[in-house]
Amino acid sequence: MAARTSRPRSKKLKTKHVPTSNSEDEDEKPIGRPARRAKKKVVAKKEESPASASSLSSAESDAKKAQEKDFIPSDDPDEGSPELDSDHIDSDDGDDVPPKTKSKKRKSTATGGSTTGNPKSVVVKNIAPGPTKDQLVSPGLIAGFTMDLLENLAKPECNDREWLIVNDNTYRKALENWKDFVDLLCPKIVECDWTIPQLPAKDLVYRLHRDVRFSSDKTPYKKYFSAGFSRTGRKGPWALYYLQIEPGDKSLVAGGIWCPDKNQLATIRNSIMRNPKPLRDVINHKEFTDMFGKPSGKPGPSERRNIFGHKDELKNCPKMNGVDKSHPDLDLLKLRSIAATKLFPDEVVMSSSFMDEIAKAVKALSPLVQCLNEMILPQSDDEEEA
């Protein structure tokens, strides 16, 4: 018998009818859960009242007519989108960022406009006139109206925003007078200390506003004009020359470093412990002691002598390894602010010799400032040879 040869059975592919979009059988129900949803939608549509359907169709027709009437062909795909202002042009969020609404600016308080929307605003009707031409002084002199402005700021009833707005003309002239004085003074200080660069007044003059964030005294403005001269202007980690004019014989020039941070103070103290001689030589020099007093003796209450007598000076020895009450340089290690100060009476401040008096004080202070800067950032051997 011949053996039967078996042929492999071909597997039948199970096909599933999927209605196409062109199917004419609209009543055919889809399979599964979508059928229920579709059925519910159909039922809901059938239950819609004739009145609502007619109102919907009329609203759609009106909207379509209005759209056809106002339609203008355009190639811009973003036509109709809200206009973006300059603040959003470079934004990474694109259309996710809503456009800013432009708010109307309130009228200036100086013109007497209404500012009731802001509780901090001040309404001022009249502005006081500024100094006359006869009151103006030549560059290099401190004007009388400058000292008068600062004297008024010392009064509590005048040290507020409303008073300063009323006297804005005088304030601007006084600030201009102070900046002109500082501009002319800077070259003289550069002659006394070669480490100080020639900088414009805007990098040297301190602002009039006080930082009241952490102070119990919320007086908004200072009672003096001031400026700082260092290797980086009024800012930076360096020791500097500080100039201040204040009525009541409180004007001063000082040099040194005030309230250094923790790392700076540790660097200075370690330098003193290694070699106190440079600082000792500076504060004992005759030119320095003639200008700022001798370092010997304990200063009285609120009295500064030489570099001693500051309010932040420690009463006990600092917590450092190898430092106790018997340390030979304990008086230097107890210091936190290391600076010397010279006061000037108002007569000298408003005289033509004031700038020369400042230069003399800076010349005497320059060894102290350079010594402190050497402690903060010692020079390399190459710089010393140069």
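Taken together, the residues in the range 145-163 that are under 14 Å from TYR224 (Cα atoms) and not in a loop (DSSP other than H, G, I, E, B) amount to 9.
Under the condition of being touching a residue at least 40 places away in the same chain (Cβ under 8 Å), of a type in the set (A, V, I, L, M), crowded, with 19+ Cβ neighbours inside 10 Å and touching a Phe, Trp or Tyr at 6+ places or on another chain (Cβ under 8 Å), the residues counted in the range 331-357 number 2. Does the range 169-192 contain at least one residue that is surrounded by 14 or more Cβ atoms within 10 Å (Cβ to Cβ) and assigned to a loop (DSSP other than H, G, I, E, B)? Scanning the range 169-192, I find no residue that is surrounded by 14 or more Cβ atoms within 10 Å (Cβ to Cβ) and assigned to a loop (DSSP other than H, G, I, E, B), so the answer is no. Can you tell me which residue within the range 349-368, out of those that are among the β-branched types (Val, Ile, Thr) and under 31 Å from the mean Cα position of the chain (by Cα), is nearest to ASP180 (Cα to Cα)? For the range 349-368, the residue satisfying everything is ILE358. Just one residue in the set CYS371, CYS317 is touching a Leu at 6+ places or on another chain (Cβ under 7 Å) and modelled with pLDDT under 90; that residue is CYS317.
The values are calculated or read from the model by the stated rules, or taken from the named source; none is laboratory data. None of the values given here were measured: they were computed from a predicted structure. In this analysis, Cβ positions are derived from the backbone assuming ideal geometry, glycine residues included, and neighbour counts consider all displayed protein chains.
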